[in-house]
Structures are given as C-alpha cells and as structure tokens.
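What follows is a single structure, written as structure tokens, with notes after it.
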Amino acid sequence: MSEAGILVFGATGALGRHVLDALVVRGTSPETITAAGRNQVRIGELASAGFGTAAVDLSDSAGVADLVARHSDIVLISGRDPDRLAQHESVIEAARNAGVRHVYYTSGVRADDDRFEINADHRATENALIASGVTYTILRNTWYIENYIQALAGPRFTGVLAAATGDAVVAAASRKDLAEALAAVVTTDGHDNVTYSLSGDKNFTYADIAQAMAVVLNREVTYRPVTPDELRAALIGSGMDGELAGFLAGLDETIAAGVFARVGDDLSRLIGRPTTGLVEGLTAE
Ligand SMILES: NC(=O)c1ccc[n+]([C@@H]2O[C@H](COP(=O)([O-])OP(=O)(O)OC[C@H]3O[C@@H](n4cnc5c(N)ncnc54)[C@H](OP(=O)(O)O)[C@@H]3O)[C@@H](O)[C@H]2O)c1
C-alpha cells in the first residue's frame with residue numbers, strides 16, 4: 001500500500017498552477033502535495049512556496065513508479081508529448097501495482113465520441129484507467145477560454161477574428177474553474193469511479209468571442225468564417241510551418257463539428273457558482 005499525500009503530475013503547467021492553488025484554498029497543506037514536472041525553475045518556485053516537489057519526466061517509467069508508490073492519491077494532468085498515452089499508461093500501471101487509493105485524470109470533453117480524433121489519447125487513457133481496477137475520477141475538461149488569448153494577436157491589428165469554425169458553439173471555461181472542480185473532487189467524498197463532463201455554462205458562438213475580444217482590445221472585432229483551406233493558406237502565408245498550419249485548420253474543423261459544445265452542468269455544480277465569462281477569461285493571468 002502506498003504512503004499518504006497527493007502527487008500532481010503536470011503541476012508545473014498552467015492548469016497545474018491553478019490546481020495547486022485550489023487545493024490549498026480548500027485546506028490542503030502544501031507539504032502534503034508533491035508537485036511533479038520537468039521545469040526546474042518552476043519546481044524551485046513551488047519548493048519555495050512550501051510544496052513537496054519532484055523533477056520527473058513522464059517517459060521515465062521507473063522514476064514515475066517510484067514516485068507514485070510514495071503517494072496515496074495521484075492527479076494525472078494529461079501530458080503533451082506525442083507518446084503521452086504510453087506515459088499515462090505507465091502512471092496507471094504504477095498506481096495499480098502500488099495500490100494507490102485514487103487516481104484523478106484530466107481528460108477531454110466528449111472523449112468517448114470516436115468521431116473526434118483529438119480525443120483518441122484521452123479515450124484510451126480513460127479505458128486503461130477503468131480497466132486497471134484502481135478507484136478513479138475522470139474530469140473531461142472543455143476548451144480553455146485562455147486558448148483565445150493567443151488568438152487576440154490578429155484581431156488586435158486587423159479587427160478580424162478569422163477561423164474555420166463555421167457556426168460552431170464552444171462552451172469554453174477558464175483553467176481556474178476547471179482546476180477548482182478538480183480540487184473539489186480531490187478534497188470531498190462521493191466521486192469514486194465517476195466521470196464528469198466539464199463544460200462552461202454558456203455555448204459561445206465565434207461572434208460572441210469576437211465581441212469579447214472587442215471589449216478586451218477596445219476596438220471593433222468581427223468574426224469572419226473561412227474554409228479550412230483558406231485558414232491553412234493564410235497561416236502558411238504568415239510564416240507558419242505547414243504541419244502546424246494543417247493541425248490548426250483541422251482543429252477548427254473539429255470545433256465546427258461541435259466537440260466543445262456544452263455538455264451539462266457538472267462544472268458549475270462542482271465549483272458551486274456560475275462559470276467564468278469570456279471577457280474575464282480573456283484577461284486571466
Ligand atoms: N482543454 C484545453 O483547452 C487544452 C488545451 C491544450 C492542452 N490541453 C491538455 O491539458 C493539459 C494541461 O494544460 P496546461 O494548459 O496546463 O498545459 P501546459 O501549461 O503545457 O502544462 C503541461 C504540463 O504537463 C507537464 N508535462 C508534459 N509532458 C511531460 C513529460 N514528458 N514529463 C513530465 N511532465 C510533462 C508539463 O511539465 P513541464 O512544463 O515541467 O515540462 C506541464 O506541467 C495539457 O498538457 C494538455 O494535455 C488542454
């Protein structure tokens with residue numbers, strides 16, 4: 001049986017920062033949390049703030065197993081590497097071998113819908129976690145509002161939000177909201193072997209997003225739907241490499257197909273308040 005304490009993989013990232021904050025706000029003492037990641041600067045900052053820390057690469061399965069075995073509760077924030085599925089599976093296997101109490105996994109909304117290729121790793125991780133027999137909670141996170149902060153660059157100069165998202169609606173939420181939901185689940189009972197689908201309260205259209213950008217930028221911004229081919233060409237024309245441009249155009253097509261449309265009210269129920277709006281989310285730190 002593993003020892004006490006919460007191990008957070010991905011603690012050095014943007015969502016992880018909010019997760020650590022939210023756990024502390026809910027009364028978890030930092031020294032009972034081990035913040036794991038690779039970024040040495042961030043790990044140093046977290047150690048100075050009183051957290052336990054561990055520098056580990058998720059591809060180091062022996063290091064991961066050793067770390068997992070020293071904790072009772074594992075928060076696995078999904079990774080970003082191309083082989084992240086194998087990394088997630090090694091965490092789950094280590095958790096099963098060590099007999100940990102609970103694994104919490106941040107998945108993607110509609111992970112079980114195989115029309116959406118972007119969720120394939122999430123779907124396979126969820127299946128591995130459920131099959132492991134370890135007590136789990138899956139939090140299927142929606143699209144972050146903060147993803148649109150980077151997209152402010154174009155509209156800032158052109159007044160146009162061009163995207164290949166058609167008439168898509170996106171029930172995006174802030175990382176802070178999603179982190180608070182995770183912390184609520186980790187620190188309260190009643191979530192064993194439950195999968196939550198975390199959507200924002202509202203289905204935003206791209207016209208709504210353009211309107212919020214207009215407020216943030218203090219200038220007129222309009223949404224201009226373009227085709228995936230037009231978007232890919234425009235991105236390549238602005239200097240982006242073809243592979244990334246193709247990925248982003250494909251992502252817009254997936255958004256247009258409704259992957260991030262609202263799925264129930266699990267998020268506002270878990271955090272006990274309405275979810276964050278677009279303007280506030282676009283100005284979040
Ligand atoms: N819902 C959405 O809109 C959305 C968008 C993009 C991504 N995501 C997913 O949500 C996750 C969290 O989002 P975020 O904004 O917090 O991303 P982020 O800021 O890039 O953070 C990713 C975290 O994962 C860690 N990580 C990645 N690969 C690792 C490896 N091989 N070994 C150890 N640690 C590793 C990073 O550690 P270091 O920084 O220390 O290397 C960092 O702590 C992402 O990793 C991705 O799976 C969701």
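So the values come out like this:
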read-out	value
Most mobile of E89, E243, E117 in a GNM of the chain (Cα contacts under 10 Å)	E243
Burial ordering of S59, S72, S238, fewest other beta-carbon atoms within 10 Å first	S238, S59, S72
Relative contact order [Cα under 8 Å, 6+ residues apart], the stretch 6-141, whole percent	21
Residues whose placed amide H lies under 5 Å from that of N203, excluding near-sequence neighbours	none
Mean separation of Cα contacts under 8 Å, 6 or more apart, over the residue count of the stretch 169-285: relative contact order %	47
For the chain, built as a Gaussian network whose Cα springs stay under 10 Å, the top-fluctuating residue of A261, A35, A207	A207
For T142, residues with placed amide H under 5 Å, excluding near neighbours	V109, L198
Label point distance in nm, E280-T158, each placed 7 Å from Cα along Cα→Cβ	3.1
Projected label distance in nm at D57 and D241, using a 7 Å step from Cα toward the beta-carbon	1.9
Amide H contacts under 5 Å for A164, placed H, 5+ residues apart	V226
Segment A65-N97, extension gain: residue separation times 0.36 nm, minus the distance between their alpha carbons	10.7 nm
Neighbour-count order for F247, F9, fewest beta carbons within 10 angstrom listed first	F247, F9
Where only alpha carbons of the chain are counted, the Rg and the Dmax (Å)	19.4, 59
At R0 = 35 Å, FRET efficiency that the Cβ-Cβ distance of S132 and A233 yields, to 0.05	0.20
Most mobile listed residue (A249, A172, A49) in the chain, GNM with C-alpha springs under 10 Å	A49
For the stretch 223-235, Karplus couplings with θ = phi - 60° (6.51, -1.76, 1.60), whole Hz, Gly/Pro x	8, 10, x, 10, 7, x, 5, 5, 5, 4, 5, 5, 5
Length added when fully stretched, R80-A151, from 0.36 nm per residue minus Cα-Cα	23.6 nm
Residues L23, L15, sorted so that the one with the fewest Cβ neighbours within 10 Å comes first	L15, L23
Principal axis dimensions, largest first and in whole angstrom, of the stretch 1-154 by Cα	42, 38, 29
Cut-off 13 Å, label 7 Å out along Cα→Cβ of E117, residues of the stretch 234-250 by amide N	246-250
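No value in this document is a laboratory result; all are computed from the given coordinates. Note that the structure is a prediction, hence the values are computed from the model and not measured. Please note: Cβ atoms are built from the backbone with ideal geometry, for glycine as well, and neighbour counts cover all protein chains shown.
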